[in-house]
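Here the structure is laid out as structure tokens; the discussion comes afterwards.
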Amino acid sequence: MPNISLNGVTVAYPVVISGRQQSAFAAATKAMSFGRFGRDNHGVDYVMALNNLDLTIKEGSRLGIVGRNGSGKSTLLKTLAGIITPRKGARVVNGSIGCVLNIGAGLELEKTGYENMRMIARLYGLTGATLRDAVDEASDFTELGPFLSMPVRTYSSGMMARLCFAMATAQHAEIMLIDEVIGTGDSHFIDKAVARIKTLCANSGIVVVATHARGILDGFCDEAIMMESGNIRARGSIDDVWAQYAA
Amino acid sequence: MAALSEIYRALFSVQIWWAIAVEDVVGRYRRTILGPLWLVISQAAWILGIYLLHRSVFGAEQKNFLLYLAAGLPVWSLISGGIVDGTQAFLRSKGYIESYPLPMPLYIVRIVAGAYVTFAHLIVVYFVTAALTMTPPSLAIIAALPGLAIIGLFNFGVSLGLAPLGTRFRDLGPALTSLMSLLFILTPVFYAPNAQQLASPMVAYNPFYHMLEIVRAPLLGTWGTSQNWVFSVSFALISLVIGGFIYARMRPTVAYWL
């Protein structure tokens with residue numbers, strides 16, 4: 001029974017402006033001299049990305065996250081995934097997590113498409129026969145054919161995106177966290193991509209998608225939340241939340 | 001404890017860290033004909049240079065010294081590489097950390113494994129030298145295996161502590177590189193210490209010297225002194241405890257400072 005919840009979660013990113021703020025010697029000097037020696041820069045500033053946030057997602061949920069740029073959507077997804085640990089509050093999760101966040105991370109330009117797909121599959125936790133099947137299936141999906149045996153540095157950005165997307169959506173997990181990934185690609189590919197994500201969602205217990213596109217919300221989600229300045233301002237049906245977001 | 005279970009999960013993700021570690025070493029030499037053989041060649045060139053210098057100063061053929069260098073330099077690379085790369089462990093893995101929910105100690109295991117992969121290339125020079133000088137290794141060479149394991153544990157422990165520290169404080173990496181350069185000279189790596197040097201605190205209380213000896217001595221036919229082994233095991237255990245403690249405390253905020 002997969003479920004995931006955040007209770008009173010606060011995430012604050014430090015904003016480092018000068019090297020002094022990340023220098024061990026500056027910190028040591030200040031500490032050992034009881035604050036005498038050290039420029040008075042009031043330490044590091046923080047950006048409050050998530051502010052005392054509560055969110056519970058039950059099994060069977062298909063949740064969409066909308067919000068303006070900088071409202072905290074990606075941070076929320078990363079916190080749900082466990083990639084970011086909140087400074088305050090707790091994260092409780094039951095079930096395996098799969099994420100489609102920054103696709104393309106881990107891509108080695110000198111290796112071939114197949115080698116990269118195998119590596120990314122490993123990073124997503126696939127092994128053995130499951131890995132082989134996933135790579136075969138994703139290879140067919142990309143329609144890159146003989147290019148898959150060539151180094152990825154010979155690909156166009158659209159081809160790289162196809163490869164990464166194919167592998168990212170080849171994983172199977174009970175909780176899927178997806179961050180606005182259907183971007184580049186020709187219209188033929190986008191149709192295939194949408195169908196693929198639908199299959200992915202159908203096989204998962206919980207799906208959370210962050211997006212700006214109404215079409216994605218209608219296609220994959222049954223409820224939505226709206227983020228603003230690190231808080232959830234609204235939760236409800238897609239129509240209601242979209243009306244508030246678009247206003 | 002959450003940190004311990006994370007370390008456990010990381011250690012068992014062999015497929016992932018081994019693949020990245022091998023790629024770290026081998027990937028540097030893609031599109032060159034000799035590939036990782038360049039590692040071996042550069043090590044051999046180093047050894048030849050020091051040997052020729054030594055010979056010009058001390059005169060006479062000294063095959064034992066050649067073997068001493070060929071045994072010692074790879075082991076020093078293993079130890080210092082683990083420490084210097086340890087501070088960069090999370091920084092180099094920034095892309096992975098931000099995209100995949102993998103256990104963080106995985107990126108540290110990758111560094112330690114990578115140091116072993118490099119060592120495996122460099123130790124080839126020792127075997128070639130042993131063959132050329134007709135000095136076959138003795139039975140004592142089996143003691144090199146636990147020696148290597150102890151160094152691996154030390155590297156892991158130290159990196160557990162240094163990786164989050166090196167992410168929070170960016171000048172730690174360069175500072176340690178400088179320190180290891182100094183220690184490379186002060187520790188008897190490319191010269192054989194005389195009795196006076198052996199007794200001095202710089203050598204007797206130098207953990208790197210003892211860890212060097214528990215692998216170098218077996219390669220050269222002796223078992224290493226009990227002092228070498230006791231010091232090395234103690235330092236490995238201390239580094240694991242302290243490193244683990246630092247990691248557990250700093251782990252929640254590492255991702256913020258990348």
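The values are calculated or read from the model by the stated rules, or taken from the named source; none is laboratory data. Just so we're clear, the structure is a prediction, and the values are computed from it rather than from any experiment. As a convention, Cβ positions derive from the backbone with ideal geometry for all residues, glycine included, and neighbour counts pool all protein chains shown.
General observations
- Set side by side, the residues B:240, B:172 differ, and just one is within 19 Å of the chain's Cα centre (by Cα), aliphatic (A, V, I, L, M) and within 14 Å of chain A (Cβ to nearest Cβ), which is B:172.
- The residues on offer are B:242, B:238, B:214, and the sole one that is closer than 26 Å to residue B:94 by Cβ, among the hydrophobic types (A, V, I, L, M, F, W, C) and at pLDDT 90 or above is B:242.
- Subset of the stretch A:1-18 [touching an Asp or Glu at 6+ places or on another chain (Cβ under 8 Å) and within 8 Å of chain B (Cβ to nearest Cβ)]: A:14
- Test: residue B:8 is closer than 25 Å to residue B:212 by Cα and either away from chain A (no Cβ under 14 Å) or assigned to a helix (DSSP H, G or I) (or both): no
- Qualifying helices (runs of 4 or more DSSP H) (wholly inside the stretch B:150-215; at least 2 residues being among the small types (Gly, Ala, Ser)): B:172-186, B:195-199
- Filtering the stretch A:101-119 to residues that are more than 9 Å from every other protein chain (Cβ to nearest Cβ) and over 15 Å from residue A:144 (Cα atoms) leaves only A:109.
- In a residue-by-residue description of the stretch B:72-89, the property of being under 30 Å from residue B:46 (Cβ atoms), within 14 Å of chain A (Cβ to nearest Cβ) and surrounded by 24 or more Cβ atoms within 10 Å (Cβ to Cβ) applies to at least one position.
- Of all residues making up the stretch A:70-100, the number that are in contact with a Pro (Cβ under 7 Å, 6 or more places away or on another chain) and within 9 Å of chain B (Cβ to nearest Cβ): 6
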